[in-house]
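Right, one structure below, let's go through it.
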Amino acid sequence: MGASKKQRGKQRKAAKSKAAERDGILAVSQSPTKLISLIQRGDNAATAMYCSGDYTLSRVQNETVVTSVLGFLQRCESETFDSVIADIGGDLETPLTWIDSMLCAIRSNSSFVSIIAKNIGHLMRCMCDDMNKLFFQSNQHWKESFKPFVQLIWFIIYETFETDILDCSAEKEEVIKTLLHHENENFLASIVQWSSFWNRSNRPDIELGFDSRKMIYNCGRLSTHLLVKNVVDLRKTIATMPIISREYDPSCTVSYVAGIVDYMMYNECQKEDFETLHHLVVDTDCVDQSVIEGMVNLGFKLSADLERSILLMNISREMIVQKEQPSDTRVAFAIRAGLVEMCLTFVGRFGRQTTNENDIQTALLCHIEGIFKSIYDVALHKKTWKAIRHQRQVIEARSNHLDFITHDNCKKLVLMVKSILDMNGAYCCHCNKSLGRKERFQCGECNRMTYCSRSCQRSDWLNGHSHACCKTYNDDNCGQFQGRAVPPTIPEDERTASKLGELEINNNMIQLKLFLDHSATILEQAKSLNIPLYDCIVKFELRYCPLKVTTHHYTELYDDESVGKKQYEASRSEKNITCMFSSHNFIGGMTNHLGKSAVLGMQRLFPCEWLTDKK
Ligand SMILES: [Zn+2]
Ligand SMILES: [Zn+2]
């Protein structure tokens with residue numbers, strides 16, 4: 001121990017005296033011209049001196065250094081370091097000093113980024129080739145130069161976008177175009193991987209120390225952030241790029257978006273990471289199941305950190321929407337991953353507060369409301385319906401826990417969750433019995449009506465379904481029609497038609513329940529209209545959350561000029577009350593000509609006596 005300590009001391013002394021000697025030489029010379037000519041001859045001490053940044057040169061002198069060093073670096077693909085040094089006659093120990101010189105030049109004058117970006121094609125091709133890992137044909141040089149190289153790229157990108165050194169956006173674009181031109185997608189693939197995916201399990205072949213990795217990850221993520229933020233055209237390419245290069249692992253299917261969400265789950269995440277995610281998820285719509293699941297898990301993890309939560313919730317709200325409509329598939333994935341419970345965690349936290357809410361809280365609750373509204377809007381669609389059913393008990397338990405809350409906004413959110421669960425009922429279309437998974441009989445003709453038993457199916461058939469089964473709505477049958485009135489025809493595409501069928505089945509199963517649950521309201525409204533129940537048309541507006549129930553005189557809908565009025569009067573039965581149910585229909589390909597979502601409009605008739613005689 002003692003000996004080695006002594007030895008180290010000796011070494012330090014030797015190094016010190018060498019440095020003193022070097023500084024002495026340079027100090028004596030005091031001549032920038034001398035320094036520059038030494039650098040041009042590959043002198044180790046002079047180049048190191050330049051890298052230390054202690055030596056002040058004019059812009060022109062700096063430029064001379066930059067040009068010379070760029071000249072040396074251009075030989076990195078075809079020559080060895082030794083042969084270059086032999087050629088110029090210096091004693092430079094490693095080519096990484098040249099990369100350091102470039103960093104130093106940019107530090108002294110940022111405008112050098114243009115000329116450097118233009119002339120580092122060879123360097124980039126060597127360093128970005130992480131399969132061969134050769135710099136001046138040497139693995140060792142590649143490895144030791146990697147950190148400063150990543151730093152250099154970061155410097156160029158940072159100076160380009162975050163400072164005013166380049167006058168106009170055209171110049172900035174030019175720099176980035178030049179960088180991309182050298183290596184094209186390989187460069188983007190590199191930056192993506194530097195963003196935190198060069199860990200030991202992904203790339204055991206890349207032997208970099210912990211500190212180097214950490215710095216490379218940071219430079220990589222920040223570089224990606226600036227590229228994504230500033231160059232719109234690159235977003236889609238970056239978002240979908242695999243986190244392990246295709247050359248190393250052609251089977252990697254994890255996209256950059258999914259990878260970064262996963263990284264954020266297990267590491268500290270910065271605001272910049274959320275900004276990148278926002279651009280990639282929201283602006284380029286690069287969302288898949290793993291991104292959705294990752295975001296929900298991240299939401300649970302970050303729930304204590306309000307400032308980050310708000311960024312996350314903003315993205316979550318957008319990721320379940322596609323082309324301005326909630327997506328059944330995405331909402332279903334999110335629900336199964338626990339999105340509703342994640343949102344309820346915040347509701348529970350703010351719910352007891354008596355003080356006024358602050359801005360962050362208001363914004364967060366507003367995002368949650370947006371999320372709940374999207375879920376509600378597709379609650380009757382096939383995948384979401386199944387997902388809510390699957391998650392129902394957990395959601396119910398969580399929201400029951402929140403009955404105590406006093407905060408108005410939070411109360412409203414809990415009510416929205418209850419409305420979502422209400423939409424998710426499975427009840428016999430004839431007797432309103434709650435149905436388990438396996439006790440469902442469907443009308444074998446139309447496959448639209450669900451019953452608890454054959455006997456209910458038979459009764460419903462006699463009770464009116466025979467007039468409706470497999471029929472389409474028209475003016476002649478409008479008074480006795482039951483089923484889908486809007487859209488009037490089934491889409492030709494089979495998949496779309498089957499999705500529409502599911503939507504109808506799910507609607508049918510809750511209609512009687514909603515009718516009975518609102519019987520008091522309906523009776524009251526009919527009474528104030530002062531008309532018999534069979535003259536009433538009850539509208540259930542399921543596009544509102546919570547739904548709206550309004551009772552109207554049938555002449556409001558069938559006025560004197562309307563085609564259907566006479567037919568309605570002729571075909572209806574005085575025993576029944578007419579109910580109309582409108583819900584969203586976000587099934588792809590069924591949007592109307594305005595690009596707005598289509599509606600599913602259904603009509604059902606219930607015996608008037610069911611309103612008073614509770615089922
Ligand atoms: Zn039944
Ligand atoms: Zn039928």
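The values are calculated or read from the model by the stated rules, or taken from the named source; none is laboratory data. Because the structure is predicted, anything quoted here is derived from the model rather than measured. FYI the Cβ positions are ideal-geometry reconstructions off the backbone, even for glycines, and counts take in every protein chain you see.
Quick notes on this one:
- Failed criterion for A468 (all others in (1) at pLDDT 90 or above; (2) within 30 Å of T555 (Cβ to Cβ); (3) more than 14 Å from ligand 1 (Cβ to nearest atom) hold): (1)
- Filter pass, G464 being part of a helix (DSSP H, G or I), within 16 Å of ligand 2 (Cβ to nearest atom), among the small types (G, A, S) and more than 30 Å from L339 (Cα to Cα): yes
- Selection status of G370, modelled with pLDDT under 90, small (G, A, S) and either more than 23 Å from S196 (Cα to Cα) or assigned by TED's automatic domain parsing to the domain that holds T237 (or both): no
- So A485, is it of a type in the set (A, V, I, L, M), more than 21 Å from G601 (Cβ to Cβ) and either surrounded by 15 or more Cβ atoms within 10 Å (Cβ to Cβ) or within 12 Å of ligand 2 (Cβ to nearest atom) (or both): no
- Counted residues, segment 383-426 - those being touching a Ser or Thr at 6+ places or on another chain (Cβ under 6 Å) and either assigned to a strand (DSSP E or B) or of a type outside the set (A, V, I, L, M) (or both): 1
- Residue that is surrounded by fewer than 18 Cβ atoms within 10 Å (Cβ to Cβ) and not polar (S, T, N, Q), where the choices are R330, R352: R352
- When we screen D249, D273 for residues that are more than 27 Å from I388 (Cα to Cα) and outside any helix (DSSP H, G or I), the only hit is D249.
- Residue match in segment 432-439 (condition: part of a helix (DSSP H, G or I) and either basic (K, R) or within 20 Å of V599 (Cα to Cα) (or both)): no
- For segment 231-246, the set of residues classified as among the basic types (K, R) and within 22 Å of D130 (Cα to Cα) consists of R246 only.
- Checking each residue of segment 419-441 against the condition of being among the hydroxyl-bearing types (S, T, Y), more than 15 Å from ligand 1 (Cβ to nearest atom), at pLDDT 95 or above and surrounded by fewer than 22 Cβ atoms within 10 Å (Cβ to Cβ) gives at least one match.
- Only one entry of R437, R454, R448 meets the criterion of being over 30 Å from E369 (Cβ atoms) and more than 16 Å from ligand 2 (Cβ to nearest atom), and that entry is R437.
- The residues of segment 199-246 that are outside any helix (DSSP H, G or I) and either among the small types (G, A, S) or within 24 Å of the chain's Cα centre (by Cα) (or both), listed by number, are N199, S201, N202, G209, V231, M241, P242, I243, I244, S245, R246.
- Residue-level check: of (1) free of Cβ contacts under 8 Å to residues at least 60 places away in the same chain; (2) more than 16 Å from ligand 2 (Cβ to nearest atom), C410 misses just (1).
- Of the set (1) within 15 Å of ligand 1 (Cβ to nearest atom); (2) within 16 Å of R572 (Cα to Cα); (3) crowded, with 17+ Cβ neighbours inside 10 Å, all apply to L512 but (2).
- Matching entry among S145, S114 (being buried (at least 19 other Cβ atoms within 10 Å of the Cβ), modelled with pLDDT under 95 and either of a type in the set (S, T, Y) or touching a helix residue (DSSP H, G or I) at 6+ places or on another chain (Cβ under 9 Å) (or both)): S114
- Listed by first and then second residue, the pairs with beta-carbon distance under 8 Å, at least 6 apart or on different chains, first residue in segment 443-464 and within 10 Å of ligand 1 (Cβ to nearest atom), second assigned to a loop (DSSP other than H, G, I, E, B) and small (G, A, S), are T450/A426.
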